[in-house]
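K.L.:
So that we are looking at the same thing, I have put the structure below in structure tokens.
The values are calculated or read from the model by the stated rules, or taken from the named source; none is laboratory data. What you are looking at is a predicted structure, and each value in this text was computed from that prediction instead of being measured. Reconstructed Cβ throughout: ideal geometry from the backbone, glycine too, with neighbour counts over all protein chains shown.
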Amino acid sequence: MTVPVHKPRGRPFQSGNPGRPPGSKNKVTRGLEQLAEGQADPPPKGRPINVPIPPINGPQDALSSIAAGRVPSADEIRALRQARVSAADAKKVGDARRAYEAGLRSGWDSYCGAIEAARGGNVARLVDCLRARKALADGDGDRLADFIATKLRRRRWPPEVVRSLRSAAPTEGEFDLLADFVETIGRRPGGVRDQPLHRASRLAEVLLSLLGRRVPDAMRTAVIKYACETEGDDAGVAIEPERVRDLLNRPRPAANTNLPRVRGGEHSRHAD
């Protein structure tokens, strides 16, 4: 009887494999160091493609480069957009995008239901209705004014808010003003005031976490600047790097270690 011999799968392991040399850096660290030195673009979500391209000084250069099969770098596209699009126009694009997204979220929602939800502590629906510039039906303006009055109480009303509420057909700017004001007065304690600023801070925090605990100041500055430009361009606003740095430098609240011990999924009932 012949006994079959099973051969090992794959290649045999070679002893003495040294692995990664001591002190070597991974791809993420090397990429961020090049970013801090101004020698590389931030890596995209997909696999990076390194293609030599000529300098791009205008829209025609960008179109010619794309037509020739060459992909412009992220820095060149960003610099071209900043040179050709003013801050005011970029804000208009960002406002239009936020209005479109608010319209998708609000759907068939009405001011009546949104104001009642806001009275219960959820102002997101009302902000979306205003941000989407939905027309105010009969009585909606009075209900909105009553809600604002309950939040302001005896505080003085801003004149621009009064003018917007008295308008029979608010303009897009007045709708945005009311949305920002309702979002501010209806925000819960500890809520986020500036969404783009906090998104930039979060992006910078994630990128810096990839570099370990001790990050050179030049690299930290470059990462914060990149996060501000990325989120600022997306939102159509300018984000100051110093404000992001202040958020990153704020001490985090300590975890509460005085909670009762948990045993079997329930709090322990036994006294120590």
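K.L.:
Do we find a residue being exposed (fewer than 15 other Cβ atoms within 10 Å of the Cβ), among the charged types (D, E, K, R), assigned to a helix (DSSP H, G or I) and at pLDDT 90 or above anywhere in the stretch 139-150?
P.N.:
yes
K.L.:
Go through the residues of the stretch 91-100 one by one and say whether even a single one is under 29 Å from the mean Cα position of the chain (by Cα) and in a loop (DSSP other than H, G, I, E, B). First the steps, then the outcome.
P.N.:
We begin by selecting, within the stretch 91-100, every residue under 29 Å from the mean Cα position of the chain (by Cα); these are 91-100.
Going one step further and asking which of them are in a loop (DSSP other than H, G, I, E, B), we end up with none.
Taking every residue of the stretch 91-100 in turn, none turns out to be under 29 Å from the mean Cα position of the chain (by Cα) and in a loop (DSSP other than H, G, I, E, B).
K.L.:
Separate question: Looking at Val223, is it among the β-branched types (Val, Ile, Thr), buried (at least 18 other Cβ atoms within 10 Å of the Cβ), in a helix (DSSP H, G or I) and at pLDDT 90 or above? Lay out the reasoning, then the answer.
P.N.:
Working: among the β-branched types (Val, Ile, Thr): yes; buried (at least 18 other Cβ atoms within 10 Å of the Cβ): yes; in a helix (DSSP H, G or I): yes; at pLDDT 90 or above: no.
The answer is no for Val223.
K.L.:
Right, something else. Of everything in the stretch 119-138, what is modelled with pLDDT of 90 or more, of a type in the set (A, V, I, L, M, F, W, C) and outside any loop (DSSP other than H, G, I, E, B)? Give them in sequence order.
P.N.:
Answer for the stretch 119-138, where residues must be modelled with pLDDT of 90 or more, of a type in the set (A, V, I, L, M, F, W, C) and outside any loop (DSSP other than H, G, I, E, B): Leu126, Val127, Cys129, Leu130.
K.L.:
List every residue pair whose Cβ atoms lie under 6 Å apart, where the two residues are 6 or more positions apart in sequence or sit on different chains, the first residue falls within the stretch 198-226 and is in contact (Cβ under 8 Å) with a residue 40 or more places away in the chain, and the second residue, located anywhere, is exposed (fewer than 12 other Cβ atoms within 10 Å of the Cβ) and not hydroxyl-bearing (Ser, Thr, Tyr).
P.N.:
Listed by first residue and then by second, the contacts come to His198/Val192.
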